[in-house]
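Enquirer: Okay, handing you the structure first.
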Amino acid sequence: SGLDPGLERRIVALLRRHDPRRVSHPETLALAQRIRDEVRAGGRGGAVAPPPAPPPTALIAREADVARVGTLLERERLLTLTGPGGVGKTRLALQVAHERSAAFADGVCWVELAPVPDPALVADTVADALGVRAQAGRSLPASVADALRGRDLLLVLDNGEHVEEGVSDLCVHLLRDAPGVRVLVTARGRLAVPGERVLRVAPLPVPQEGADPGTLPDSAAVRLFAERARAVRPEFALTSRNAPLVASVCRRLDGLPLAIELAAARMGVVGLEEIHARLGDSLRLLAGGPRTAPARHRTLRA
């Protein structure tokens with residue numbers, strides 16, 4: 001009552017994430033301390049910028065993965081999504097960030113690490129995103145952790161495999177000094193940081209060769225191809241004649257969502273039979289992704 005509306009929303013979000021019937025006495029005291037700090041600060045510090053908007057296309061056949069990641073983030077401080085390039089780690093993290101942002105009083109901060117050339121610059125990049133400056137006598141990772149102490153935030157570090165050392169160093173500080181922060185990382189491998197939980201993102205399941213054509217439209221990989229093909233060729237529809245060929249394309253692409261999407265995008269210029277025939281040189285064929293997408297998502301080679 002009488003609180004600034006923004007501060008009130010932040011406190012309500014904190015309370016929603018803590019069921020007093022389930023937390024221990026020390027945890028209750030810690031929560032009370034955080035609310036008191038919020039009141040004393042007058043709600044300053046605000047919410048960070050939201051994550052990028054998801055693409056207009058629907059996320060297909062990942063509902064269970066989104067739910068599982070969300071559940072893990074409720075109890076894990078550091079969760080790393082691993083898997084090969086093109087498997088959909090970024091898209092999954094983006095969906096989770098949007099669906100779970102209301103659960104964090106300070107929202108979500110999304111940091112894209114693909115352009116970062118050196119592990120030593122990871123903390124600088126995150127600090128810039130958060131508006132944090134280095135403290136005298138403190139390293140930048142330590143300064144970031146200090147600035148986030150008492151904040152209730154989801155920090156997403158996307159594409160961290162090439163700067164793994166810098167990501168690991170920052171996460172060690174956050175896990176130790178910023179107990180209200182949860183970190184979601186996407187990378188091709190684990191960070192090997194104490195307290196890390198790893199979830200491998202699998203390719204989409206593909207139909208077995210010789211599967212009943214009537215069951216093929218239910219396949220996640222086939223559904224993805226058909227959906228993306230209709231975006232460039234609206235009249236495209238799965239039939240008993242073309243569904244086995246679509247299934248074969250998906251098998252040859254190992255169920256990788258990015259590869260399937262790039263193959264479907266070629267339907268705007270060539271036919272399904274030609275796509276299937278040319279998959280022997282998939283790195284050359286699978287190009288032409290959306291110009292608004294990151295460069296690594298425009299071609300399979302990238």
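The values are calculated or read from the model by the stated rules, or taken from the named source; none is laboratory data. Because the structure is a prediction, the values reported are computed rather than measured. Heads up, the Cβs are rebuilt from the backbone with ideal geometry, glycines too, and the neighbour counts pull from every protein chain shown. Surface accessibility is based on the protein's heavy atoms, side chains included, excluding ligands, DNA and RNA. Shrake-Rupley method; radii C 1.70, N 1.55, O 1.52, S 1.80 Å.
Enquirer: Determine how large the accessible area of residue 162 is when every protein chain is in place; take a 1.4 Å probe and give Å² rounded to the nearest 10.
Expert: 90 Å²
Enquirer: In whole percent, and with a 1.4 Å probe on the protein chains, what portion of the accessible area of region 159-245 is carbon and sulfur?
Expert: The value for region 159-245 is 49 percent carbon and sulfur by accessible area.
Enquirer: In nanometres, what is the gap between the two model label sites at residue 231 and residue 274, each 7 Å from Cα along Cα-to-Cβ?
Expert: 2.1 nm
Enquirer: On to the next question. Placing +1 at every Lys and Arg Cβ and -1 at every Asp and Glu Cβ, with all other atoms neutral, what dipole size does region 163-253 have around its Cα centre, in debye to the nearest 20?
Expert: Result for region 163-253 is approximately 220 debye, rounded to the nearest 20.
Enquirer: With the cut-off at 1.5 for a/c, could you classify region 106-156 from its C-alpha gyration tensor as rounded, prolate or oblate?
Expert: The shape class here is oblate.
Enquirer: How high is the FRET efficiency from residue 71 to residue 176, r the C-beta distance, R0 22 Å, rounded to 0.05?
Expert: The computed FRET efficiency comes out at 0.35.
Enquirer: Next question, about the same structure. How much accessible area per residue does region 105-173 have, counting only protein heavy atoms and a probe of 1.4 Å, in square angstrom?
Expert: For region 105-173, the solvent-accessible area averages 39 Å² per residue.
Enquirer: Follow-up question, since we're still on this one. In nm, to one decimal, how far is the modelled label at residue 139 from the one at residue 212, with both set 7 Å along Cα→Cβ?
Expert: Result for the modelled spin labels: 5.9 nm.
Enquirer: Here's a follow-up. In whole angstrom, how far apart do the alpha carbon centroids of region 94-151 and region 212-239 sit?
Expert: If we compute the Cα centre of each part, the gap is 40 Å.
Enquirer: Write out the trypsin sites (Lys or Arg not before Pro) in region 198-260 meeting two conditions: DSSP loop, and at most 10 other Cβ atoms within 10 Å of their Cβ.
Expert: Filter output for region 198-260: 241.
Enquirer: Provide the gained length on full extension for the span residue 53 to residue 190, in nm with one decimal, where the gain is 0.36 nm per separating residue minus the Cα-Cα distance.
Expert: Full extension of this stretch gives 46.7 nm more.
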